[in-house]
Amino acid sequence: MATRDVTEVRGPGTRGGPPAPGGEARSVGLVLGSAVSLQVGAAFAVVLLGRVGPVGAVTLRMVLAAAIVWALVRPRLRHLHRRDLLVGVAFGLVLVLMNTCFYSAVARLPLGAAVTIEFLGPLGLAVATSRRVRDLLWVGLAGAGVFLLGETGFEPLDPVGVAFALGAGVCWAGYILLGAQAGRRLGGTNALAVALAVASVAIVPAAALTSGPDLVQPDTLLLGLGVAVLSSALPYSLELAALRRIPPRTFGVLMSLEPVVAALVGFLVLRQRLSGWQLLAVTLVVVASVGVTRAGPASAATRTAEPVPGVAGADAGRSKP
């Protein structure tokens, strides 16, 4: 399997082809704007978590994002083979699991810490699919950063939250692999629409049991809509526009800044204070991610649904779509 870099983070890719000429500075702004949008959406999700919990927050994000995407994309799925749809279903299931893990993590950890730990997923995948021994140095650097988070960084890290963040990272790696398959088989927008629909169907029953009527309160729905737009529709649109103008590897380097953006948004929006050790820990993970991305081959993939992640992400993220 070919080496993958962090430009593949959070989902299936756009089709190949050279980037459109001109507008590189504007495209850098688009990518950074996407990262800010994604992490502000994650910060809003933290508020939403206090009302409906992680499962309820993921449900609102998935369902509302699915409604927006299906209304805009209007996917045509009749010509697809059964195997193609099965890949799309698997992609959607990984998507909902990734976001549930991530939101469960940010319910227990500062946003910057959760995103930094989650980043180990795609970073580990990039190194695992590489044949370069020097990439092990980047893994060591990232590991040192996460160690600092636990020992001298955020006070103190909840072990359950760390486990959820690591789980989100593992799902993120699976999301990248399945997203690449879904993007090729279904097409980028169709893959996104199918994944969000599957994720919505999978999560709604659990949300009905855990949150019930709280999900349909007007103010909760409005907050959920804000999370869906900021964490899914807006960053996805900005990234697609940026990829038409800059090389995917440049895109990947810029996306590697997400842990820094998450830490800053956590401070500005959620008042999660940063220390010198915290900044150093986040910086080590970012440098490792940039190192792997710059050393790897170019790729044309973006997130399409993240951490949703980040969402991310969440959330995507990032989280994610």
Residues to consider are LEU109, LEU80; find the one that is in a loop (DSSP other than H, G, I, E, B), of a type in the set (A, V, I, L, M, F, W, C) and under 25 Å from TRP277 (Cβ atoms). LEU109
By residue number, the members of the stretch 1-38 that are open to solvent by less than 20 Å² (accessible area, probe 1.4 Å), modelled with pLDDT of 85 or more and of a type outside the set (A, V, I, L, M, F, W, C) are SER34, SER37
Quick one: would you say VAL47 is surrounded by fewer than 23 Cβ atoms within 10 Å (Cβ to Cβ), outside any loop (DSSP other than H, G, I, E, B), modelled with pLDDT under 90 and among the β-branched types (Val, Ile, Thr)? yes
Looking at TYR175, is it in a helix (DSSP H, G or I), open to solvent by less than 40 Å² (accessible area, probe 1.4 Å) and out of contact with any helix residue (DSSP H, G or I) (no Cβ under 7 Å at 6 or more places or on another chain)? no
Elements of type helices (runs of 4 or more DSSP H) in the stretch 193-307, at least 3 residues being open to solvent by less than 10 Å² (accessible area, probe 1.4 Å), within 30 Å of ARG132 (Cβ to Cβ) and at pLDDT below 75: 248-255, 276-295
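Please go through the stretch 64-79 and give me each residue that is exposed (fewer than 11 other Cβ atoms within 10 Å of the Cβ) and of a type in the set (A, V, I, L, M), ordered by number.
ALA71
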Go through the stretch 81-102 and report how many residues are open to solvent by 10 Å² or more (accessible area, probe 1.4 Å) and over 14 Å from the mean Cα position of the chain (by Cα). 10
Residue pairs qualifying under the 8 Å Cβ cut-off, at least six apart or on distinct chains, with the first in the stretch 204-220 being of a type in the set (Asp, Glu) and the second being surrounded by 11 or more Cβ atoms within 10 Å (Cβ to Cβ), are ASP214/ARG51; ASP214/VAL52; ASP214/GLY56; ASP214/THR220
Name the single residue, out of those in the stretch 103-137 being surrounded by fewer than 24 Cβ atoms within 10 Å (Cβ to Cβ) and not aliphatic (A, V, I, L, M), that is nearest to the chain's Cα centre (by Cα). GLY124
Testing GLY53 on (1) on the phi < 0 side of the Ramachandran plot; (2) surrounded by fewer than 21 Cβ atoms within 10 Å (Cβ to Cβ), one condition comes back false. Which one is that? (1)
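The values are calculated or read from the model by the stated rules, or taken from the named source; none is laboratory data. These numbers were taken from a predicted model, which means no experiment stands behind them. Cβ: placed from backbone, ideal geometry, glycine included. Neighbour counts: every protein chain shown. Note: areas computed on protein heavy atoms with side chains; ligands, DNA, RNA excluded. Shrake-Rupley method; radii C 1.70, N 1.55, O 1.52, S 1.80 Å.
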